[in-house]
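Some notes on the structure that comes next.
Just so it is clear, none of the values below were taken in a lab; they were calculated from the coordinates. The shown structure was predicted, so the numbers you read here are calculated from the model rather than taken from an experiment. Methodologically, a virtual Cβ is constructed for each residue, glycine included, from the backbone with ideal geometry; neighbour enumeration extends over all protein chains shown.
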């Protein structure tokens, strides 16, 4: 069975990837079933149906979006529910777990954390980890039919085809399939341009296209950029003020210690002593500029 973990409406990335893999498994003669996690975990009856469907399955495919190296909250709730349920069983059924995740970051290493979470979950609950697939540049197939996306998703389709064949033969996800899924669908410059265009389009839907560059605090001054310790943040807290005073006191104490050590040295009437004195004066002036008194 395939568990779709996206909280969004159908015809989105996780739904498209899961449906395509489900179709390929069905063609290989496997009995398939699909459930939406975000609707199942909202009620006791839905949770009971979810656990019953999982107990009757030999293979569980978890398809969900990657939210900054974390599954959605509904997926986390489902994983906790499954772990508690399997922990209460005396002889839990031998089952395999596969994760298919998608995110907006094109780098493969950015999705290693969320796959590691699924692998650890399988280990803790007695499930057999059969591998995972991570798709970057997921927003490129947003709101379009995956089967009709053209050459842009050819590597994704190949990866899912290889995965379906392997799972049908009780084999783990091939490494070739994981590498194909991780390949970029477009060049980096094109993805950045398309992502920016998509962001502006989404902002326009909510009337916020003119607020993309807003910030909670005013733009820092030139003095703050050169020496950020001088300008206190607004609003300033007592802890931040105390820390700033301690830093300035230590700096002034260091300058005073250098001055005392230099004055205690024997005076040698040559040009080098004049250079040392001049250098010390410059240090004192620089220190007073960097750490002005409040």
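At full extension, residue 89 and residue 56 could sit 10.5 nm farther apart than now, given 0.36 nm per residue minus the alpha carbon distance. Based on the Cβ-Cβ distance from residue 128 to residue 105, what FRET efficiency comes out when R0 is 41 Å, to the nearest 0.05? That gives a FRET efficiency of 0.90. The separation of region 163-219 from region 105-127, counted between C-alpha centres, amounts to 19 Å.
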